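Quick notes on the structure that follows.
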Amino acid sequence: MTEEQETADEIGQLIDTAVKKAFEDVTHELESARPDVFGLSMSGLGRCRRAAAYALARTEPSDPDLALSGERRTANLGTAIHRMLLPALARVLGGRHEVPVLLADGSVLGIPGTLDLWWEKKRAVVDVKTVGEHKLDRVVVRGETYEHRMQVGGYALAQGADWVVWLYLDRSTGKTARVVERFDAGFRREVWQRVWEIQRLAEAPEYAPRDERGPGLSFQCDGCAWLRRCWGRTARSGESGAQAHIAHDEPAVEAALAKYDEYRDVESRAKKWKAFWREVATGGGRRPGNYGAWKFHFTKPGYALDEKATRKDYENRGEEPPMKESAGRLIVRPITK
Ligand code: SF4
């Protein structure tokens, strides 16, 4: 490496560190500006029920820093896009943007939130969600997620809306997909039932269901202010392992092994069916293109390491290819009598 390259690398590393720190500062600034960081807000209504119960019960966070720190690049980019797009959209539609609301009635504690856009003329709540390309495709096929449904349903309930609109925007291309639904009695009931469920669970949050898979396996857990209260003192954000606390006796481990086997089976069958339907749809030299509501194409061929040729090459030179230690494979089998 030349001196010039070394200097360029050093400058590059300073830039990388600065970008990381800048995103962390943005997170801290945005989160600290929220009036009640650890209370239940509308965005938490459809997420993990235990986290919602902790928040509603005002349980003291075991890991408050996790909720205030981190780079959170996609979330922060989403906020920047909101700030740019919402005022313009409000002007075009004729509405108000970033409207504070409070969901409350005589029996329910107030749940605050800030809805993206209130389209007065149509009495519609419009919520903008920024996503990656694949999530946009998912929305087109499957509609909004449960989490978004409850969040925007909560705004609509508090605001007395007739319509809800989820407007999904691909962060990289600006492409949008929207889901529109009348906010009818059935939808209102669905949101109230969720609110009442969280309210009941908040009476004993430690017994509320964990809806996430724990540190290292869930972004939500990795940023949860109650991480160690939920998964034990040894839980660390970004590292799996604390999940083992759930199975503290033999029957619990037995049940976990049975669950592992069940999901292994599901995974294996899903892979085979995926391969089958791939062949049905795209095999036999079928031309890429549009087919009803779907389309397909192949990306350009790429290059991957030819392991066989690499081994042979080392062998011909009388050398051993570099090796690294790998973890042993997990084998789970039923005990036969
Ligand atoms: S750590 Fe995970 S499972 Fe536990 S309350 Fe938080 S989000 Fe839910």
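The values are calculated or read from the model by the stated rules, or taken from the named source; none is laboratory data. Just so it is clear, the model here is predicted, and its values are computed rather than measured. Every residue, glycine as well, gets a Cβ built from its backbone with ideal geometry; the counts of neighbours run over all protein chains shown.
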* Kindly state which helices (runs of 4 or more DSSP H) lie completely within region 15-102 and contain at least 3 residues that are over 18 Å from Cys224 (Cα atoms). => 73-93
* Is region 118-128 home to any residue that is more than 22 Å from Asp211 (Cβ to Cβ), over 17 Å from the mean Cα position of the chain (by Cα) and among the aromatic types (Phe, Trp, Tyr)? -> yes
* Among the numbered conditions (1) assigned by TED's automatic domain parsing to the domain that holds Asn76; (2) in contact with an Asp or Glu (Cβ under 6 Å, 6 or more places away or on another chain); (3) within 16 Å of the ligand (Cβ to nearest atom), tell me where Leu136 comes up short. => (3)
* To do: Those residues that are hydrophobic (A, V, I, L, M, F, W, C) and either at pLDDT below 95 or more than 12 Å from the ligand (Cβ to nearest atom) (or both), I need them from region 226-251; list them, please.
  => Ala244, Ile246, Ala247
* Could you count how many residues in region 269-323 are of a type in the set (Gly, Ala, Ser), closer than 21 Å to Val140 by Cα and in a helix (DSSP H, G or I)? -> 1
* Got a sec? Which helices (runs of 4 or more DSSP H) wholly within region 127-239 have at least 2 residues that are surrounded by fewer than 19 Cβ atoms within 10 Å (Cβ to Cβ)? -> 133-142, 146-159, 185-201, 219-222
* **From the options Ala67, Ala55, residue that is at pLDDT 95 or above and either more than 22 Å from the chain's Cα centre (by Cα) or under 24 Å from Met150 (Cβ atoms) (or both)** => Ala55
